[in-house]
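The values are calculated or read from the model by the stated rules, or taken from the named source; none is laboratory data. Predicted model only: the values in this text are computed from it and were never measured. Cβ placement follows ideal geometry from the backbone for every residue including glycine, while neighbour counts extend to all protein chains displayed. We work out accessible area using only protein heavy atoms, side chains counted, and drop any ligands, DNA or RNA first. Shrake-Rupley method; radii C 1.70, N 1.55, O 1.52, S 1.80 Å.
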Amino acid sequence: MAKSIVIAERDNIAAVFEDNKITEFFINRGEILLGDVYLSKVENILPSIEAAFVDVGSDKMGFLHAADVIGKGGLQDKLTPKQKLVVQVVKEPTGHKGPRVTTSLSLPGRFCVLMPQESGISVSKKIMSSKERARLKSIVSLLKPVGLGVIIRTEAEGQTEAEIQEDLEILLEKWNTIVTQAELVDAPNLLYRDQDLLYRVIREACTEDVKEIVVDTPYAMHRVQQLIQNWNLHKEIDISVYKGSEPLLVASGVKKEIEQALQIKVNLPSGGYLFIQTTEALTVIDVNSGKFISSATQDETILKTNKEAVKEIARQLKLRNIGGMIIIDFIDMLSRADKIAILEELELAVESDKAKPQVGQLSDLGLVEMTRHRQGQSLAEIFTKKCTHCNGTGQIIDDFGFASSLSEGEQKVKAAKLKLPTNNGKNKHNNDRHNNNKVFNYQNPNQNNPQRNEYDRRNHSKDEEQRDNNQSSEQLQQIDNETKNRKNQKNNRFNKNRRNQKRDEVKSQENIQEQEENSTLLTQPAVEIEETQIETTDKQTINEKVETSDTETTNQVKEEALESTSEPTQKTRKTRKRATSRKNKEVAEETQKVDSQVDQQQSENVVTDTPAEQEDAKPVKKTKTRKASRTRKKTADKTQDTENAS
């Protein structure tokens, strides 16, 4: 199986590829890293939980269990408050928990691991040859100082005595520097940190299967060559520097794999999929067949899907660096042989994992329990952060909408009628408080805003509630004023409509009177006028005078009618009779004057005629035809008078 390693030293991220698939990430990020050695100070001892909290110079206290303290007796016999203590980080801080520390230090090397607080020599179980185990053990027993313990790693198999001695001397120098630094500095302080990312990746992941190493800088390439030469690794490894335009992690596909490893759903090659969800207590993995239907029988489909899931689960556990309790829900299998085969596959898949997973039995419900040693921060803890709105739960609590008091209910009804907000500003403070929740930055406390004490927060909330109540009272007062204004406007409109109705009634009465007067005028005898220019002019003058008299009388009638609108109906009838009698008298006088003028003009015309004209003007006998013509003229004049009067 060919392996390749990609190291982005500038980003502090490295990845190991197997058959073009990433199997492991190496990430160096954070203030407190796995393997750091601190000079700490004991802050608090809790016999009830058999643990102590020590200050390592961070905002989170280190957790030290009684089993991790070297010595005999109880915890209070071993430790005292304010005591200086050299501890090493065995678990990085996660979430709201601080780092877990131990007093049993271990300094890893290429071929050996130095254990200063222990004595004795142990050999890796992966070295199967008894002769090789005896050889390595005898070499280390001659080289190590008295009182120190050493673990011989798997990589020491086949190495010479000089190489093992060189590696052990480097580890002893590191331990001496830690001891001298602990005497010189004050607690809490960092005494030792493991080598940088490149050194750790070459030490942990560079094996005989590695065929290629890609780095991002020429200096990193020089260091890799030097380490390989010092450790006498095989020289067939191809070491190169990436020179592309895109970042190395993007071009090699590391970024895409990190994004996929942060998702909940993981697709399988045959069409099935996994659901991986991590909680505070444990991690749950659910296996689903999905679209996988290519097998002949249902049992065969289930078995193949579960086998594919086993390989992907082992890979995802290493990629995501999931630790603690893990529960896997396989698809239910009826055959006992299939269940045993799945457990064997799972044991073989996690065998190469350095976190030492332990697999339990398969239950009747198809569940498998397993544990994995938590070493550092998980991938989700490094590259994700909690949502400020839901605090990482993925859900926001909705308003319950409980029934309020009667006064508040009346206010809400009024506001609903006028389409105003119904909460009266009372939930504003709660919404702002939920929306403005911020996650406390434990790594950089100086970046957090100063926290108010409880007394200030209560006073602040009371002030906001009082302000909201004042605003609600102002809104209700505005609502009352608007309703009053609307009532007044409505009353004014009603009164105006009543006045207009009265005026229309008066006008209708006036029109009726005018029609009656016109009818009386038509019944009177009309004046006979001959067919001459004098008749037409006289007629026009008569009509004009009649019209003026009509307008005067109508105006008088209008004034009297407007004055008498408030009086009883008997007075209006009397005024109408007086107006009609007065008008009839005036019309009679005008007709008499017109008749007298017509007679005078006719007499003048008779005197002024010449003899020739008198001869020409022969007397015309009154015949029936002449009478008929006169009657036609009279009817025509009457129709014109009625039209003019109308």
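When region 346-378 is examined, which residues are found to be surrounded by fewer than 18 Cβ atoms within 10 Å (Cβ to Cβ), out of contact with any strand residue (DSSP E or B) (no Cβ under 7 Å at 6 or more places or on another chain) and of a type outside the set (S, T, N, Q)? Residues satisfying the conditions are LEU348, GLU351, ASP353, LYS354, LYS356, ASP364, LEU365, HIS373. Beta carbons closer than 8 Å, at least 6 apart along the sequence or on distinct chains, pair a first residue in region 64-90 that is within 15 Å of SER104 (Cα to Cα) and open to solvent by 70 Å² or more (accessible area, probe 1.4 Å) with a second that is assigned to a loop (DSSP other than H, G, I, E, B) and of a type in the set (Ser, Thr, Tyr) for ILE70/THR103; ILE70/SER104. If you go through region 314-341 and pick out every residue that is surrounded by 15 or more Cβ atoms within 10 Å (Cβ to Cβ), in a helix (DSSP H, G or I) and without any contact (Cβ under 8 Å) to a residue 40 or more places away in the chain, you end up with 4. Within region 117-153, restricting attention to residues that are β-branched (Val, Ile, Thr) and not in a helix (DSSP H, G or I), the residue that is most open to solvent (accessible area, probe 1.4 Å) is VAL146. Of the residues examined, GLU157 is one that is over 51 Å from the mean Cα position of the chain (by Cα) and in contact (Cβ under 8 Å) with a residue 12 or more places away in the chain. Answer yes if at least one residue in region 15-37 is open to solvent by less than 20 Å² (accessible area, probe 1.4 Å) and without any contact (Cβ under 8 Å) to a residue 40 or more places away in the chain, and no otherwise. So far as region 15-37 goes, no, none of its residues is open to solvent by less than 20 Å² (accessible area, probe 1.4 Å) and without any contact (Cβ under 8 Å) to a residue 40 or more places away in the chain. Just to be sure, is GLU300 part of a helix (DSSP H, G or I), without any contact (Cβ under 8 Å) to a residue 12 or more places away in the chain and charged (D, E, K, R)? In short, yes. Restricted to region 38-63, and to residues there that are β-branched (Val, Ile, Thr) and in contact with a strand residue (DSSP E or B) (Cβ under 8 Å, 6 or more places away or on another chain), the residue that is most open to solvent (accessible area, probe 1.4 Å) is ILE45.
The strands (runs of 3 or more DSSP E) found wholly in region 1-86 and carrying at least 2 residues that are among the aliphatic types (A, V, I, L, M) and closer than 26 Å to LYS174 by Cα occupy 13-18, 37-46.
Take the residues of region 379-421 that are β-branched (Val, Ile, Thr) and either open to solvent by 100 Å² or more (accessible area, probe 1.4 Å) or at pLDDT 75 or above (or both): which is farthest from ASP480 (Cα to Cα)? That would be ILE382. For the residues SER48, SER40, the requirement of being more than 30 Å from SER252 (Cα to Cα), under 44 Å from the mean Cα position of the chain (by Cα) and among the hydroxyl-bearing types (Ser, Thr, Tyr) singles out SER40.
Yes or no, residue by residue, for (1) basic (Lys, Arg); (2) over 17 Å from PRO188 (Cβ atoms):
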position: MET61; (1), (2): no, no
position: HIS65; (1), (2): no, yes
position: LYS72; (1), (2): yes, yes
position: VAL123; (1), (2): no, yes
position: ALA134; (1), (2): no, yes
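Inside region 359-397, residues that are more than 22 Å from LEU343 (Cα to Cα) and not charged (D, E, K, R) make up a count of 20. Give the residue, chosen from THR283, THR278, THR297, that is in contact with a strand residue (DSSP E or B) (Cβ under 9 Å, 6 or more places away or on another chain) and open to solvent by 40 Å² or more (accessible area, probe 1.4 Å). THR278 is the lone residue from the list that is in contact with a strand residue (DSSP E or B) (Cβ under 9 Å, 6 or more places away or on another chain) and open to solvent by 40 Å² or more (accessible area, probe 1.4 Å). As a summary of the residue check, ALA2 satisfies the conditions (1) touching a Lys or Arg at 6+ places or on another chain (Cβ under 6 Å); (2) buried (at least 18 other Cβ atoms within 10 Å of the Cβ) except for the one numbered (2).
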